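No value in this document is a laboratory result; all are computed from the given coordinates. What you see is a predicted model; the values in this text were computed from it and never measured. Heads up, the Cβs are rebuilt from the backbone with ideal geometry, glycines too, and the neighbour counts pull from every protein chain shown.
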Amino acid sequence: MRIRPYIPSKDYEYISKWIDNERTHAFWCANLLPYPITRNSFHDLLKRNAMNWTDSAYVATENNGQPIGFFCYSVNPTDNIGFLKFVIVDPSKRGKGYGKAMLKLALQYAFQITGAAAVQLNVFIENATAKQCYEKVGFAERKFEKDVFPYKDELWSRYNMIISK
């Protein structure tokens, strides 16, 4: 597996197919984008986050170049803590260790290349599979916020998780 910068003209089609229902969409982006995503809405969000948070978008690929995952990453120079966002893996690859491998590469990049002292992310408690994946990689719960996200007739709670170098 490799990670490389996201290439809009090459990678969008893969990512858009991985988000194939409203619940997955909400887990993935907390409805910061309308469902279903469009090329323009997705790329506008990436541009805004790059300007506001210095986010960079990455794709994880098989060794043959086939995209199998996506995430955004930035590091806050004030506290030297990185942040992972919009983490997603091709549904056909879930439960097979791909997410864990992608996160390990993302953390290697964060710690070794960007020099982050720690990396954090947010995950909804209702997304138990993702939370378990993060825990297997070494993320630990740092903060819990109850009922912070309305989804249809539900209120979802959120964990902020962190891993240190």
- Could you estimate the translational diffusion coefficient of the chain from the Stokes-Einstein equation, with Rh from the Kirkwood formula over C-alpha pairs, at 20 °C and 1.002 mPa s, in whole µm²/s? 133 µm²/s
- Note on the structure: With label points set 7 Å from each Cα along the Cα-to-Cβ direction at residue 40 and residue 104, the distance between them in nm comes to 4.2 nm
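Within 10 Å, count the other beta carbons around each residue, average over each peptide in 153-161, 79-87, 27-35, and list them highest first.
Output ranking for 153-161, 79-87, 27-35: 79-87, 27-35, 153-161.
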- Item | Amide hydrogen neighbours beyond the local backbone of residue 151, cut-off 5 Å, H modeled | 156
- Cross-link reach list, lysines versus residue 136, counting only Cα pairs under 25 Å and skipping chain neighbours closer than eight places: 85, 93, 96, 100, 104, 146, 165
- Take the alpha-carbon centre of the range 74-104, take the same for the range 1-29, and report the distance between them in whole Å. 12 Å
- Query: Under 14 Å from a point 7 Å along the Cα-to-Cβ line of residue 50: which residues of the range 5-28 have their amide N that close?
  - Reply: 5-12
- Task: Please work out how much length the chain gains when fully extended from residue 112 to residue 17, using 0.36 nm per residue of separation minus the C-alpha to C-alpha distance, in nm with one decimal.
- Result: 31.0 nm
- Item | Segment residue 76-residue 92, extension gain: residue separation times 0.36 nm, minus the distance between their alpha carbons | 2.4 nm
